[in-house]
Amino acid sequence: MVLCIFAANSKTMTQKRVRVRFAPSPTGPLHMGGMRTALFNYLFARKNGGDFILRIEDTDQTRYVHQAEDYIVESLKWCGLIPDEGPGFGGPCAPYRQSERKEIYADYARQLVKSGWAYYSFDTPEELDRLRSEAESAGALFSYDQHTRMKLCNSLSLSREEVNRRIGAGEPYAIRFKMPENVDVTNEDLIRGSVTFNTRELDDKVLFKSDGMPTYHLANVVDDHLMAITHVIRGEEWLPSLPLHVLLYRAFGWEDTMPEFSHLPLILKPHGKGKLSKRDGDQMGFPVFPLAWKDPETGEISRGYREDGYFPEAFINLLALLGWNPGTEQEILSLEELTAQFSLDRVVKSGSRFDPEKARWFNRQYLQQKPAQELARLLVPLLYEKNIDTTLARVVDVCEEIKVRCDFISDFWEQGHYFFTAPSTYDEKAVAKRWKPETPEELTAIACLFESVETWEAPVVKVLFSDFMNEKGWNFGNVMNTLRICLVGGNQGPDLFRICEILGKQETVARIKSALLKIPNP
RNA sequence: GGUCGGUUCAUCUAAGGGUUAGGAUUCAAGAUUUUCAUUCUUGCCAUAGGGGUUCGAAUCCCCUACCGACUGCCA
């Protein structure tokens, strides 16, 4: 096992190099809250010229999902959060999967037993489950702690001989932390300030499981130490285990190089109680995962921001502003700007409700910034799926005209389908409002006028049309609107003459004639 | 239940003892667009409650209420 070089010289360095890690568990798709944690770690590392490390916390064999690690890496890549070190990325502290570091942890766990900070526990999970449910039915809660440990089956309550006998016989055991009885543990959280816990209320957490794997608590402390992590930035759900982690650093004698902690606020449901869950997304029609995910067990598909048409820049931006702000009124920030402006002391303490409407707004901002050429390139595959035969130049023209009314690439079809297919039906309300007895005569004359136009460009058509209308003394509004109905099928869309231009002379005239045949006179 | 954390417009948030409590989203109204959308303007809307400290509190302290996280040989 190669020890990380940073651990060796971290104490001698006056200014430690900033090293942070994103440490997800591969149990399924990454939640957007997890992505935000990754983002804040990334921003902090970049801002401080440090390293952003990906570490896979796969110590729970029962919950391991094989595709999840790839999903995590792909999500990070999609967002542009490329780890400096991690599985598949290399680095001096490899391996970065805890399952591949398995041999490391047992020694550390035994070291704590030797020094009296931990003990062997022979109680089976079934036995503990029984105690828990018994306590529950008595209206109490069972806790494996300083009050109960001597009544249970462990190396504290059993004789030395009995313990040796059991271990010698190969009886399975776990190693538990021996929580001190009455100690105040205080830590300066970079986001929350001073936080204090008394060990009286804390239980004896399992550090090393009977299956030979460490628990999160042991593994994360050992690895953060070996990987010379300087700052732990993680979700608020970890706050209750902070005293245990601090005490572990103390027990190992690593307190002087212990990382600084920051606990991020939760992302909450748009409405109602609790933290944001997959269910909320399903119910309200928005993704909670960066990428779509197909559950390997059930085959159930969860939508993703990427597949729903969000731009990664927009996703990053909206995530960054959930619980953080730059202190200015700027809301649209690129990853570079976020990096330059990020700081932990501007992270808010309270949980943020996720607002899907604002998420849409963010995407809109990025879409509006993009040139028509780029939007057209993204739209072409969608048109291809619909068997639309067209040219890129035409798609660019369409994008130019209708992007202002779109929030997502997928909106372009709804907003501009008539550029590619002639209307087959006509909006009844619009027809009822605009279609007058004189309409057929007027439109016939307009079609005739159009056929004679030589230079088919919007400004030219507009002038000829206007002159003609003035000459005839017809009602501008009504003729323009009926003309729009013929071309578009309803009363929406951009400038009428731009539509004419993009459609082309033949098609414009053809649509007028077709509508005159299909729409009955009032 | 216990421990810890949190509480400014409906939502995201600014204001780190002194501002008419600011911005953004949503919503509403008006203007422009001979349509629709956009855009612009305007409007609505907040310091959880109660006590202190102070000349002065959203900001500091205490209590209450409410919300949340955690309370597994899960992470």
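Side notes on the structure shown:
- Some residue of the stretch A:371-386 being surrounded by fewer than 15 Cβ atoms within 10 Å (Cβ to Cβ), without any contact (Cβ under 8 Å) to a residue 60 or more places away in the chain and not in a helix (DSSP H, G or I): yes
- In the stretch A:68-82 there is no residue matching the filter, namely being over 26 Å from the mean Cα position of the chain (by Cα) and either open to solvent by 20 Å² or more (accessible area, probe 1.4 Å) or touching a residue at least 40 places away in the same chain (Cβ under 8 Å) (or both).
- Candidate set from the stretch A:290-304 (those that are open to solvent by 20 Å² or more (accessible area, probe 1.4 Å), assigned to a strand (DSSP E or B) and touching a Phe, Trp or Tyr at 6+ places or on another chain (Cβ under 8 Å)); member that is modelled with the lowest pLDDT: A:Ile301
- Extreme residue, least open to solvent (accessible area, probe 1.4 Å), among residues of the stretch A:127-145 that are assigned to a helix (DSSP H, G or I) and more than 9 Å from RNA strand B (Cβ to nearest atom): A:Ala135
- Members of the stretch A:336-362 that are touching a Leu at 6+ places or on another chain (Cβ under 8 Å), in a helix (DSSP H, G or I) and over 21 Å from A:Glu237 (Cβ atoms): A:Leu338, A:Thr339, A:Gln341, A:Asp345, A:Lys358, A:Ala359, A:Phe362
- Note on the stretch A:159-208: among residues that are free of Cβ contacts under 8 Å to residues at least 40 places away in the same chain and of a type in the set (D, E, K, R), the one that is most open to solvent (accessible area, probe 1.4 Å) is A:Arg160.
- From A:Glu336, A:Glu329, residue being on the phi < 0 side of the Ramachandran plot, within 13 Å of RNA strand B (Cβ to nearest atom), without any contact (Cβ under 8 Å) to a residue 12 or more places away in the chain and open to solvent by 10 Å² or more (accessible area, probe 1.4 Å): A:Glu329
- Pairs with Cβ under 7 Å, 6+ apart, first in the stretch A:238-266 and over 23 Å from A:Phe40 (Cβ atoms) and without any contact (Cβ under 8 Å) to a residue 12 or more places away in the chain, second away from RNA strand B (no atom under 14 Å from the Cβ) and assigned to a helix (DSSP H, G or I): A:Glu255/A:Tyr249
- Test for A:Pro87: is it under 30 Å from A:Glu307 (Cβ atoms), open to solvent by less than 70 Å² (accessible area, probe 1.4 Å) and touching a Leu at 6+ places or on another chain (Cβ under 6 Å): no
- Yes/no for A:Gly274 being at positive phi and near RNA strand B (Cβ under 7 Å from one of its atoms): yes
- A:Leu266 falls short on exactly one of the conditions (1) open to solvent by less than 10 Å² (accessible area, probe 1.4 Å); (2) touching a Gly at 6+ places or on another chain (Cβ under 9 Å), and that condition is (1).
- Look at the stretch A:401-412: where a residue is small (Gly, Ala, Ser) and a partner is part of a helix (DSSP H, G or I), sitting 6+ places away or on another chain with Cβ atoms under 8 Å, you get A:Ser410/A:Leu382.
- Helices (runs of 4 or more DSSP H) contained in the stretch A:396-478 and holding at least 3 residues in the same structural domain as A:Gly490 (by TED's automatic domain parsing): A:428-434, A:439-451, A:458-472
- For the stretch A:339-362, a residue qualifies if it is open to solvent by 30 Å² or more (accessible area, probe 1.4 Å) and in contact with a Ser or Thr (Cβ under 9 Å, 6 or more places away or on another chain), and exactly one does: A:Gln341.
- Scanning the stretch A:490-502 for residues that are open to solvent by 10 Å² or more (accessible area, probe 1.4 Å) and more than 9 Å from RNA strand B (Cβ to nearest atom), we see that the one that is farthest from the chain's Cα centre (by Cα) is A:Glu501.
- Residue in the stretch A:26-44 that is on the phi > 0 side of the Ramachandran plot and more than 15 Å from RNA strand B (Cβ to nearest atom) present: no
- Selection over the stretch A:98-126 of residues that are in a loop (DSSP other than H, G, I, E, B) and either within 12 Å of RNA strand B (Cβ to nearest atom) or open to solvent by 80 Å² or more (accessible area, probe 1.4 Å) (or both) gives a count of 3.
The values are calculated or read from the model by the stated rules, or taken from the named source; none is laboratory data. Note that the coordinates shown come from a computational prediction; the quantities given were computed from them, not determined experimentally. When we count neighbours, we look across all protein chains shown, and the Cβ atoms used for this are built from the backbone with ideal geometry, even at glycine. For the accessible areas, the whole protein counts, side chains as well, though only heavy atoms, and no ligand, DNA or RNA atoms are used. Shrake-Rupley method; radii C 1.70, N 1.55, O 1.52, S 1.80 Å.
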